[in-house]
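Report on one structure; see the data block that follows.
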Amino acid sequence: TGAFCLALQAALKHSRTPLNYSSLRLMSRVGGGSSTVLPVKPCLTRLAPLLQTATQNPRRPLLTPLKALHIDRRQHLELAWQRQQGEEELLKQHLTVKGPTVIEVRTLAHLDQLVDSAGSAIVLLYFYSKSCGTCKEVLQHCSQLCQENSHQRAGVLFLKHNIWNEFDDLTDVARMYKAKAVPSFIFLTGGAMVRRLRMPDARHMYGSTSVLNRMYSYEKKRLRATLREMLFRNTPSARR
């Protein structure tokens, strides 16, 4: 039985001398009658070598063959070079755009390149979501601000970024600046964030259409006033 095998294994483990399996006897009581002595050597013919090995090497580790991990460094470098070329192409498109426009930020590296190209200018980054109807209306207002600041020759770079990627996860840019609510804005100067501005989402608000329109009219004025304040602080030529 299983209990007998476990007991025998424990006895072999603590025994200093090899056991003579031919001398072992098993007391068996059949049908509640008298006991019968049975030899156990036949039933231990296959079990004995395993038990003897276990007592001699109780902690022998099992060796598993491992396969070396092969990394194709050439392919890795080619993919990195292709990503760099794509980011440089996006930056080149930004530098060759004629007229003011709100630039779409693709990746965190792309944002770094755009901020570097802005120099001492103020960078206004607009966070939005494609599923947000309010964000589309606010984006139109951002485009108007971009046109106005271009005519005034104010040093402002307007950017926009969708906080959700194709897997419905927050992007690296959104996680870096902790942008979870849309629509929202951040102001960057010299690569550092100096101001954050959030707007309420109409999907989570209740009220008549006229009330919501008045509220967003106020939010647009607040965005314009904040941008003008940032220009006064960082661009003396914008003080008119």
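Could you please let me know if Phe158 is in contact with a Leu (Cβ under 6 Å, 6 or more places away or on another chain) and either more than 18 Å from Leu139 (Cβ to Cβ) or touching a residue at least 12 places away in the same chain (Cβ under 8 Å) (or both)? In short, yes.
Is it true that Val182 is modelled with pLDDT under 95 and either among the hydroxyl-bearing types (Ser, Thr, Tyr) or in contact with a strand residue (DSSP E or B) (Cβ under 6 Å, 6 or more places away or on another chain) (or both)? Criteria met by Val182. Please determine whether any residue of the range 177-198 is exposed (fewer than 12 other Cβ atoms within 10 Å of the Cβ) and in a helix (DSSP H, G or I). For the range 177-198, residues exposed (fewer than 12 other Cβ atoms within 10 Å of the Cβ) and in a helix (DSSP H, G or I): absent.
The values are calculated or read from the model by the stated rules, or taken from the named source; none is laboratory data. This one's a predicted model, so the numbers in the text were calculated from it and none came from an experiment. Virtual Cβ from ideal backbone geometry, glycine too; neighbours counted across all protein chains shown.
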